[in-house]
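Beneath this line is the structure, given in structure tokens, with notes to follow.
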């Protein structure tokens with residue numbers, strides 16, 4: 001255990017230690033999710049041939065364009 005952690009935890013109860021650990025874990029999870037680390041690891045678990053990668057990218061681009069079109073239509077409908 002590092003010196004900082006020892007000083008930080010000195011004189012604190014178990015509940016306070018658990019709360020500090022919980023908040024640190026939550027912030028770590030948020031950071032990892034925001035960076036897309038887990039998604040990247042899952043994507044690299046097995047080899048995918050280039051044709052499959054192209055197909056997936058194409059499907060994702062279609063999905064994005066449909067989503068943007070839907071947002072654009074909803075925005076225009078609300079402000080006519």
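How far, in nm, would the chain grow between residue 38 and residue 52 when pulled straight, counting 0.36 nm per residue and subtracting the alpha carbon separation? Don't jump to the answer; show the numbers that get you there.
Working: separation 14, 0.36 × 14 = 5.04 nm, distance 2.04 nm.
Gain on extension, residue 38 to residue 52, equals 3.0 nm.
What FRET efficiency, computed as 1/(1 + (r/R0)^6) with R0 = 41 Å and r the Cβ-Cβ distance, is obtained for residue 70 and residue 26, rounded to the nearest 0.05?
Working: r = 32 Å, r/R0 = 0.78.
Computed FRET efficiency for residue 70 and residue 26 comes out at 0.80.
Bear in mind that the values in this text are calculations on the coordinates, not laboratory data. A quick note: this is a predicted structure, and the numbers were derived from the prediction, not measured. Positions of Cβ are backbone-derived with ideal geometry, glycine not excepted, and every protein chain shown enters the neighbour counts.
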